[in-house]
Ligand SMILES: CC(C)(COP(=O)(O)OP(=O)(O)OC[C@H]1O[C@@H](n2cnc3c(N)ncnc32)[C@H](O)[C@@H]1OP(=O)(O)O)[C@@H](O)C(=O)NCCC(=O)NCCS
């Protein structure tokens, strides 16, 4: 395919807002046969990056028609690359090209321009996440643009079932932490986790962060929880982010199995309420979700504590919200956490694909050594998934 004359410039709210929203509506994310998630940014196309310390959105125009868009955000995170353990990373998201103008080089050109902006802001690495089956996206980033496959965390989803609440064990105590306490614990216990954001305090203070909770065996008293250097023998911690305040999701083309389940279970519910078959929420209308982030656990019985915390979020928080229809979390590839986090396989994604690329102007050999360091670390390692990038 030949390349066409396209103009790439910064997003301007007044002239681009409606056009970007329209483009988003026309773009399915993922492989045509079964991907079905649409994003509704509710009049604010920049909402997914607005909470990051530094961000930018670019648009592509072809003869005054808006044909493509891309977003990027920059922050400082923990990355184990000797001699330093931190790096400035640029996250690429929201790449969309109008279906009528694909395979004309517009997607690649948008990524190149964004990389240029990253380089001007001294970013060490650019990274992005995509569905493993999104062939267009994987081919574009890996085959064409030199990104390297890096991690495959799992996205775990649990539907909010209003007619079902979990039983919370009375042997387990759950406590909400003050923000300063949460920050202290995160820096102490998760500070060396890959992609841990150095501005965790900003994340926790954000109004979308609904709170940080710890669970521990009842009776293991711990006055200042961690602040005085003491933690129980087993404990777990997580925070909750209200993503539905920013944007909504909607299912377009659902897999048949999911659609049938929704239909039949509602029917069964209506006909035989005593069966207590959980009715799936209506995913065909825009819905919000809670994202559980910073999930950490320590000690022999901490798996059970993680499970209890997740059940607490579902029962005491999500079911109380009008808009929240699923609770989502994302954990490192083979992280044992997966075993303890309640989720439905039908709605979850076992392998989200993260790809990374070095941007610094080191010589070729240096660049390869650093990338080798990054990609050789076991993919099973824990990963901090920033709620601002969901
Ligand atoms: C992914 C997407 C942005 C690509 O945009 P694009 O403008 O068509 O990409 P380009 O023309 O720059 O393609 C560059 C290369 O990527 C690869 N590629 C792009 N689309 C592809 C497809 N459908 N199948 C296979 N390879 C593809 C090819 O190697 C292509 O080079 P070639 O045309 O010389 O063979 C576009 O398909 C899109 O908007 N998809 C829906 C949204 C989405 O999935 N976004 C990615 C989320 S991370």
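Just give me the residues in region 67-82 being within 23 Å of the chain's Cα centre (by Cα) and either part of a helix (DSSP H, G or I) or more than 8 Å from the ligand (Cβ to nearest atom) (or both), in sequence order. Correct list: 69, 70, 71, 72, 73, 74, 75, 76, 77, 78, 79, 80.
Please verify whether residue 85 is surrounded by fewer than 17 Cβ atoms within 10 Å (Cβ to Cβ) and part of a strand (DSSP E or B), treating the condition exactly as stated. So residue 85 fits the description; yes. Taking region 293-343 as the range and being over 21 Å from the mean Cα position of the chain (by Cα), in a loop (DSSP other than H, G, I, E, B) and either crowded, with 23+ Cβ neighbours inside 10 Å or in contact (Cβ under 8 Å) with a residue 40 or more places away in the chain (or both) as the test, the residues that pass are 299, 300, 301.
Per the conditions (1) modelled with pLDDT of 80 or more; (2) under 30 Å from residue 326 (Cβ atoms), the sole criterion not satisfied by residue 379 is (1).
Per-residue answers, yes or no, for (1) over 24 Å from residue 152 (Cβ atoms); (2) assigned by TED's automatic domain parsing to the domain that holds residue 147; (3) more than 7 Å from the ligand (Cβ to nearest atom); (4) assigned to a helix (DSSP H, G or I):
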residue	(1), (2), (3), (4)
90	no, yes, yes, no
113	yes, yes, yes, yes
127	no, yes, yes, no
130	no, yes, no, no
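Taking region 178-195 as the range and being touching a residue at least 60 places away in the same chain (Cβ under 8 Å) and outside any helix (DSSP H, G or I) as the test, the residues that pass are 191, 192, 193, 194, 195. Can residue 104 be described as within 27 Å of residue 26 (Cα to Cα), near the ligand (Cβ under 6 Å from one of its atoms) and free of Cβ contacts under 8 Å to residues at least 12 places away in the same chain? No.
The values are calculated or read from the model by the stated rules, or taken from the named source; none is laboratory data. The structure presented is a predicted model; accordingly, all values stated were derived computationally and were not measured. Counting neighbours? That spans all protein chains shown, and the Cβs are built from the backbone with ideal geometry, glycine included.
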